[in-house]
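Working notes for the structure below.
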Amino acid sequence: MHDTIIIGTGPAGMSAAIYAVRAGLSVLCIEQNPMSGGQIVDTYEVDNYPGIPGINGFDLAMKLREHVDKLGATVKSAEVRGIRRKEADGGDNAPIYIVETEKEELETKTVILATGATHAHLGVPGETELAGKGVSYCATCDGAFFRGKTAAVVGGGDVAVEDAIFLARGCEKVYLIHRRDELRAAKILQDELKALPNVEVVWDSVVREVLGEDAVTGVLVENVKTGEKKELASSACFMAVGILPRSGSFGGLCDMDDKGYIIADESGRTSAPGIFAAGDVRTKRLRQVVTAVADGANAVTSVTDYLVGRDYSGR
């Protein structure tokens, strides 16, 4: 029986593990992916994490994992297929949760869901067929394959602009295709983008098709205001159109919004007693590394309050 099981070892999950060990809790972390770190593993540069500007995502992930390991938290590699609730035998009616993996069933008093999010898809012709053949969702992973060539990036937020900036360092030309007439990215990123001579922003436009047979040769874009369509020659198309929460295994466990994000406030509390959420999987305004690690700390504080029967003000 564990005091808490943390599902996911991205920044939120690893922060939760650190705080849980320091709080003296019996804790188990479960990670489905080959390595810890979540989405930051694929981030070329993390310039907004306080105290270590310019660190790349892989190195930051490894530092977090080293901290977890140094404190002695147990991390198990497994795929969580579901969580079910059973009532405890004691008189306090506190539920016990069974975390089901492909190999075993694990009992715990509380669960912290820190499964993060995954890349959204456009759903246009050619996207699936050319995945891995020029269609990519990770510029830092695959950008080197297109050095000296032309690449297209789809999106207008921080990730899309960061991808365009990264690709511009090695590509001959980069198109940034955005459906609106202004970007949503942070101003410092926009300023850096505008200073790059080999980046062209294609405003008010959406991708209707990724072109090519054995490899990407271009994209068909449509201007949403004029209806004009044109082909842009490109050897790659990087999709940066948002993320989707990794919450599919937890349907019915606690309340979620219409997009599948787990409804939880900064304390991490969900609608289910003993179930907490942290990081990109929960409803929140800002999804960044710094807010994820804060979520992990807050969730463990809520777990400890829950386990000793205090309310969430600490009384």
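The values are calculated or read from the model by the stated rules, or taken from the named source; none is laboratory data. Source: prediction; values computed, not measured. Counting neighbours? That spans all protein chains shown, and the Cβs are built from the backbone with ideal geometry, glycine included.
Please work out which residue is nearest to Ala16 (Cα to Cα), limiting yourself to region 250-270 and to residues that are small (Gly, Ala, Ser) and surrounded by 20 or more Cβ atoms within 10 Å (Cβ to Cβ). Only one residue tops the list, namely Gly268.
Checking each residue in region 228-249 for being charged (D, E, K, R) and surrounded by 15 or more Cβ atoms within 10 Å (Cβ to Cβ) picks out only Arg246. Filtering region 231-250 for residues that are modelled with pLDDT under 95 and among the aromatic types (Phe, Trp, Tyr) leaves a non-empty set.
Every residue, every condition in (1) at positive phi; (2) without any contact (Cβ under 8 Å) to a residue 24 or more places away in the chain; (3) touching a helix residue (DSSP H, G or I) at 6+ places or on another chain (Cβ under 8 Å), yes or no:
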{"position": "His2", "(1), (2), (3)": "no, no, no"}
{"position": "Ala16", "(1), (2), (3)": "no, no, yes"}
{"position": "Arg22", "(1), (2), (3)": "no, no, yes"}
{"position": "Glu31", "(1), (2), (3)": "no, no, yes"}
{"position": "Ile40", "(1), (2), (3)": "no, no, yes"}
{"position": "Thr43", "(1), (2), (3)": "no, no, yes"}
{"position": "Pro50", "(1), (2), (3)": "no, no, yes"}
{"position": "Asp59", "(1), (2), (3)": "no, yes, no"}
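In summary, strands (runs of 3 or more DSSP E) completely within region 217-315 and bearing 3 or more residues that are not charged (D, E, K, R) occur at 236-239, 243-245, 275-277.
Scanning region 271-308 for residues that are in contact (Cβ under 8 Å) with a residue 24 or more places away in the chain, over 19 Å from the mean Cα position of the chain (by Cα) and over 22 Å from Val21 (Cβ atoms) turns up Ala272, Pro273.
For Lys225, the requirement of being free of Cβ contacts under 8 Å to residues at least 40 places away in the same chain, exposed (fewer than 14 other Cβ atoms within 10 Å of the Cβ) and in contact with a strand residue (DSSP E or B) (Cβ under 7 Å, 6 or more places away or on another chain) is not met. All told, Glu31 meets the bar of being closer than 20 Å to Ile243 by Cα, assigned by TED's automatic domain parsing to the domain that holds Thr101, of a type in the set (Asp, Glu) and buried (at least 21 other Cβ atoms within 10 Å of the Cβ). Is at least one residue of region 14-26 in a loop (DSSP other than H, G, I, E, B), in the same structural domain as Glu66 (by TED's automatic domain parsing) and modelled with pLDDT under 95? Within region 14-26 (the criterion being in a loop (DSSP other than H, G, I, E, B), in the same structural domain as Glu66 (by TED's automatic domain parsing) and modelled with pLDDT under 95), the answer is no, since none of the residues qualifies. Please state which of the following conditions Glu231 fails to meet, knowing it meets all the rest: (1) closer than 23 Å to Asn48 by Cα; (2) out of contact with any Asp or Glu (no Cβ under 8 Å at 6 or more places or on another chain); (3) not small (Gly, Ala, Ser). With respect to (1) closer than 23 Å to Asn48 by Cα; (2) out of contact with any Asp or Glu (no Cβ under 8 Å at 6 or more places or on another chain); (3) not small (Gly, Ala, Ser), Glu231 is out only on (1).
One residue alone among Arg179, Arg184 is among the basic types (Lys, Arg), assigned to a loop (DSSP other than H, G, I, E, B) and exposed (fewer than 15 other Cβ atoms within 10 Å of the Cβ), and that residue is Arg184.
For region 99-141, the set of residues classified as exposed (fewer than 15 other Cβ atoms within 10 Å of the Cβ), in contact with an Asp or Glu (Cβ under 8 Å, 6 or more places away or on another chain) and either modelled with pLDDT under 90 or assigned by TED's automatic domain parsing to the domain that holds Thr43 (or both) consists of Glu102, Cys141, listed by residue number. If you go through region 175-203 and keep only what is free of Cβ contacts under 8 Å to residues at least 40 places away in the same chain and of a type in the set (D, E, K, R), you end up with Arg180, Asp181, Glu182, Arg184, Lys187, Asp191, Glu192, Lys194, Glu200.
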